[in-house]
Amino acid sequence: MNLIFRLIRVMILSLLRPRLHPLDPSTLHFRAWPLDIDINVHMTNSRYFALMDLGRTELIMRNGIAKQMLKRKWQPVVSGSTMRFKRAIKPFQKFALETQALYWDEKGFYLEQRFVAKGKTLALGVVKAVFVGPDGIVAPEEVCRMVGADETSPSMPDWLSGWPDMETAIEARLAI
C-alpha cells in the first residue's frame, strides 16, 4: 500500500470513532490529490482499489475484527473484486468512500464499496474477502462469533446473484 499517511490517519481515526456492528457501513472522506491523478487528469483506476483497502481497514478496526486478527494471527485477503466506474474523480475533488458488508457465505465476506460525491455514486466496487489464519481460511461464522455477531448472514442481494457463476468461471480459467 503506497498511501502510508492516509493509512496512519485512518488507523488513528478508527481508534477514536465509535465501534460499528459488522453490518454497519463505514464512511471515509478523501480528496483527490495530484499523486492520485493520471495522464487523463482524473483519479487513476488503481487508486480506487488502494483507497478501498483503507475502507476495509477502517471497517475491520471499528467492528472489532482487527483485534481478533492480531490475537489469532489472521490476515485479511481479497480473493476477488470487480469495479464499475461511472463518473471521474477530478483533481482536488472531495469524495466519500462508503464500505459495507453485504452478506457472507461459507467461503467469504462480500462487501460493497461506493465512491460518492454530492449525492452521486462515482464508482462502485464489490469485493470478496476472506481471513486467512495459520490453519488456512477462517470460516466467516467464526469471525462473526469472535466479534459478537452471532447472527446469520443477510441474503445475497438479487443484483449480485451472478457473482458465484462469474467466480466459478474465472476459477476454471485459472486452472488452464
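Coordinate-derived values only; no laboratory data. Please read these numbers as outputs of a predicted model, since none were measured by experiment. Don't worry about glycine lacking a Cβ; one is built from the backbone with ideal geometry, like all the others, and counts go over all protein chains shown.
Numbers for the structure displayed
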quantity	calculated
The stretch 108-176 shape via C-alpha gyration tensor axes, a/c threshold 1.5	oblate
Magnitude of the charge dipole, the chain, Cβ model with Lys/Arg +1 and Asp/Glu -1, debye to 20	1020 debye
24 Å Cα-Cα reach of Lys67 towards lysines, excluding residues that sit fewer than 8 places from it in its own chain	Lys107, Lys128
Residues His21, His29 arranged by fewest to most Cβ contacts within 10 Å	His29, His21
Length gained when the stretch Ala169-Glu98 is fully extended (0.36 nm per residue, less Cα-Cα span)	22.7 nm
Selected from Leu28, Met61, Val130, residue furthest toward positive end of dipole (the stretch 4-174; charges at beta carbon)	Leu28
For the chain, calculated [θ]222 nm from helices alone, where every DSSP H run of n ≥ 4 adds -39500 (n - 2.57)	-10000 deg cm²/dmol
Estimated translational D of the stretch 1-155 in µm²/s (Stokes, Kirkwood radius over Cα pairs; 20 °C; 1.002 mPa s)	133 µm²/s
Normalised per residue, the volume of the convex hull around the Cα set of the stretch 83-128 (Å³)	67 Å³
Val41 versus Lys90: modelled label distance in nm, points set 7 Å from Cα along the beta carbon direction	0.9 nm
For the stretch 4-174: relative contact order, % (alpha-carbon pairs under 8 angstrom, 6 or more apart)	23 percent
